[in-house]
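The values are calculated or read from the model by the stated rules, or taken from the named source; none is laboratory data. A quick note: this is a predicted structure, and the numbers were derived from the prediction, not measured. Cβ: placed from backbone, ideal geometry, glycine included. Neighbour counts: every protein chain shown.
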Ligand SMILES: Nc1nc2c(c(=O)[nH]1)N[C@H]1C(S)=C(S)[C@@H](COP(=O)(O)OP(=O)(O)OC[C@H]3O[C@@H](n4cnc5c(=O)[nH]c(N)nc54)[C@H](O)[C@@H]3O)O[C@H]1N2
Ligand SMILES: Nc1nc2c(c(=O)[nH]1)N[C@H]1C(S)=C(S)[C@@H](COP(=O)(O)OP(=O)(O)OC[C@H]3O[C@@H](n4cnc5c(=O)[nH]c(N)nc54)[C@H](O)[C@@H]3O)O[C@H]1N2
Ligand SMILES: [Mo]
């Protein structure tokens, strides 16, 4: 085992540590000299959209906003390291399978298309034309288009996403699973039932006007660090910032802005959370219910708003008031006194925003929890006014845009009608596979081709062993990708790696540089221009790869693929005619900073069946139903799988989870000190973790116990190492998001 250190981190988030770490990463990727020029161009009106997170960029100013993890994301793409044909000639695929995920991605950027050769067990160079012809022939040879699966990860631009779903639907299937299925699907499903739209309704400006912020289940210091600047401003203004997170996350406690010389000198940082609550894992539904109950009992619900704009208040009130405080305390892990304090702050605030992330969505009862968070907002009229509303914090930089462009296995009839009319074909109408259904279909042989536009399906998905089996059963796997990852190593009988341009790189079509567009977490759509020379002259843009694949596959298509490809404005003109809200797309997006998509709830217009914003009733019985109780004499814990500070999803940048004080190791298991004692173990003991589910047990071997400030009965460890424990059939009700934050486990000495 590598040298590791566990040592409490005492400083604020950000500060010198962030600067130091950024420089180390630029150096490691061999782009230190180029780094600062590059970074100055990220998230600027004229530059490229940061491939890191989906947090919006400030509207008014155009100075560079520093972000440590943004630097890592850019450095990872801009790396000077290359994977060449010699690399593949040296390493057989079986040999690569022995390497860890850090090694695979750390080899650098892929440089030319490769095809798997079963005779030698090596990837071999292949020309683009041969690759397209082979994949096209394969797809045409399937018994049904539904035997192919077309996955998308959330970095894909709007233009590429739009062409891709068009290609897939002309081919004849709606099998368009995406990373959203594992991420904010419960948000996209739950929100429309409450307020008629599946996206956050606030803008960045609203954060400047809110006096109360309730942050549920996300870790901005690591996963959307630019949010800390926004939170710092709010804290300095005197806003109440209430955090709900089982872990004490440093970024939510104190922050030093690396661009503030004064703060950097003292390095004490600004306190962020005014109140920090540590509910039990999965206890948020009870937390929201408790807040609602306190406001109903002691506060002042916004009766005028409720009467004019909502439906179902009475039933909601009855249901909340009949839930006893004992039940609420038990289910949430907070006390009656906590709820009185929270209730009073929330009741007295003039404008409140509620944010949430994976700590809310990756549970069986995720949709119900999201309804309850919205109920809390509705109770005080905190929606459709300045400084108030729901703000789900999305993950990938364009995951929201991809869905807007039609990357969805359950497209609406309205969308399909518009698409079919514009491109003169009959889109398939039956719903396709989501991520979980895709895996089952591959395992059962109902799907035979897996195509991934970005991402790392083999490692991002739950139940790793089964997923690997599923991919290996395929006749063909294809990955459009920038870097080598596990999904290329765990391959089908035939396999292709198609290397593409990243967002930082100049994309030339027909002699002219092209821009692509993205939509951030707050529905701002803007354009992104690459500024660097491509990592290799053989790379193609995602749009180009899709257009050529469409030509090689669809013999009857009436779509002018090459004409559209030659100028992305032409793709945008088509998007403008198909996707609601994108009228005059080119005109609006070519303005500096782009435009904001209209969201009806901002004007208190509710596109729901009742025509009102709906209170949706859930009681705590939902929680009982969602808990799996294994037959075992051992102590059962709830495990959440989370991100370290040094990774981007399945991309491992390094072994330092700085704010949690862990370095040199990723196989850790965070546990409350009293639980460690009760198990008769010690911090530093190596343990095996076994998950329990209806279909049996799964074990992850060799994890270091770390004593941590986490509620008793709760555990945390890192994704993707712990994905082996997440059962394929354990997912959010209706939304089918794997329950990566609530796995029933037992722990034994290794
Ligand atoms: N640098 C970096 N940036 C990223 C990513 C990355 O991997 N690295 N990933 C991107 C993506 S795709 C996404 S979706 C986002 C993810 O960003 P987050 O939503 O922050 O994701 P996680 O790291 O999984 O963290 C979940 C947080 O929720 C808490 N939590 C877990 N269970 C519960 C619960 O039951 N209740 C409550 N209240 N809290 C809980 C955990 O303690 C942790 O702080 O970040 C995006 N940005
Ligand atoms: N246990 C557990 N599992 C989880 C989660 C969790 O919290 N716990 N989180 C879930 C979430 S929120 C998400 S979003 C998914 C993420 O799932 P994915 O989106 O599938 O995974 P990533 O790790 O983001 O994908 C990384 C790969 O994308 C490729 N890539 C990078 N940039 C580009 C580009 O510009 N173009 C192309 N074509 N490829 C590119 C690189 O090859 C890189 O290896 O994982 C989910 N899985
Ligand atoms: Mo995500």
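The table for this structure:
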quantity: So residue 355, is it more than 32 Å from the chain's Cα centre (by Cα) and either within 16 Å of ligand 2 (Cβ to nearest atom) or outside any strand (DSSP E or B) (or both); calculated: no
quantity: Evaluation of residue 468 against (1) in contact with a strand residue (DSSP E or B) (Cβ under 7 Å, 6 or more places away or on another chain); (2) surrounded by fewer than 22 Cβ atoms within 10 Å (Cβ to Cβ) (one fails), failing number; calculated: (1)
quantity: Subset of segment 276-298 that is free of Cβ contacts under 8 Å to residues at least 60 places away in the same chain and away from ligand 1 (no atom under 16 Å from the Cβ) - its residue that is surrounded by the most Cβ atoms within 10 Å (Cβ to Cβ); calculated: 294
quantity: Selected residue (only one of 712, 699 is within 16 Å of ligand 2 (Cβ to nearest atom), at pLDDT 95 or above and over 30 Å from residue 196 (Cβ atoms)); calculated: 699
quantity: Counted residues, segment 694-706 - those being assigned to a strand (DSSP E or B) and surrounded by fewer than 19 Cβ atoms within 10 Å (Cβ to Cβ); calculated: 5
quantity: Qualifying position, being closer than 22 Å to residue 161 by Cα and either within 16 Å of ligand 1 (Cβ to nearest atom) or touching a helix residue (DSSP H, G or I) at 6+ places or on another chain (Cβ under 9 Å) (or both), among 389, 381, 401; calculated: 401
quantity: Residue among 402, 417 that is part of a helix (DSSP H, G or I), under 17 Å from residue 579 (Cβ atoms) and within 16 Å of ligand 3 (Cβ to nearest atom); calculated: 402
quantity: Which numbered condition residue 634 fails, given (1) surrounded by 21 or more Cβ atoms within 10 Å (Cβ to Cβ); (2) part of a loop (DSSP other than H, G, I, E, B); calculated: (1)
quantity: Among the residues listed as 157, 239, the single one being outside the structural domain of residue 413 (by TED's automatic domain parsing) and in contact with a strand residue (DSSP E or B) (Cβ under 8 Å, 6 or more places away or on another chain); calculated: 239
quantity: Residue 402 under 17 Å from the mean Cα position of the chain (by Cα) and either on the phi < 0 side of the Ramachandran plot or within 15 Å of ligand 2 (Cβ to nearest atom) (or both); calculated: yes
quantity: Spans of strands (runs of 3 or more DSSP E) in segment 85-192 with at least 2 residues touching a residue at least 60 places away in the same chain (Cβ under 8 Å), under 26 Å from residue 562 (Cα atoms) and within 16 Å of ligand 1 (Cβ to nearest atom); calculated: 148-152
quantity: Residue among 195, 135 that is more than 16 Å from ligand 3 (Cβ to nearest atom) and under 23 Å from residue 115 (Cα atoms); calculated: 135
quantity: Enumeration of residues in segment 647-665 that are farther than 19 Å from residue 217 by Cα and part of a loop (DSSP other than H, G, I, E, B); calculated: 650, 653, 654, 655, 661, 664, 665
quantity: Wholly within segment 434-524, helices (runs of 4 or more DSSP H) carrying at least 3 residues that are over 20 Å from the mean Cα position of the chain (by Cα); calculated: 435-443, 464-473
quantity: Helices (runs of 4 or more DSSP H) (entirely within segment 255-319) containing at least 3 residues that are closer than 21 Å to residue 240 by Cβ and at pLDDT 95 or above; calculated: 284-298
quantity: Test: residue in segment 101-117 that is in contact with a helix residue (DSSP H, G or I) (Cβ under 6 Å, 6 or more places away or on another chain), surrounded by fewer than 23 Cβ atoms within 10 Å (Cβ to Cβ), more than 21 Å from residue 458 (Cβ to Cβ) and not assigned by TED's automatic domain parsing to the domain that holds residue 30; calculated: no
quantity: Among the candidates 196, 217, 172, residue that is modelled with pLDDT of 95 or more, surrounded by fewer than 24 Cβ atoms within 10 Å (Cβ to Cβ), assigned by TED's automatic domain parsing to the domain that holds residue 350 and on the phi > 0 side of the Ramachandran plot; calculated: 196
quantity: Residue that is surrounded by 18 or more Cβ atoms within 10 Å (Cβ to Cβ) and away from ligand 1 (no atom under 14 Å from the Cβ), where the choices are 667, 672; calculated: 667
quantity: Count - residues of segment 726-736 that are away from ligand 1 (no atom under 15 Å from the Cβ) and either under 18 Å from residue 690 (Cβ atoms) or assigned to a loop (DSSP other than H, G, I, E, B) (or both); calculated: 6
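Results for (1) surrounded by fewer than 18 Cβ atoms within 10 Å (Cβ to Cβ); (2) over 23 Å from residue 136 (Cβ atoms), shown as yes or no for each residue.
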position	(1), (2)
410	yes, yes
419	no, no
430	yes, yes
457	no, no
473	yes, no
487	no, no
491	no, no
512	yes, yes
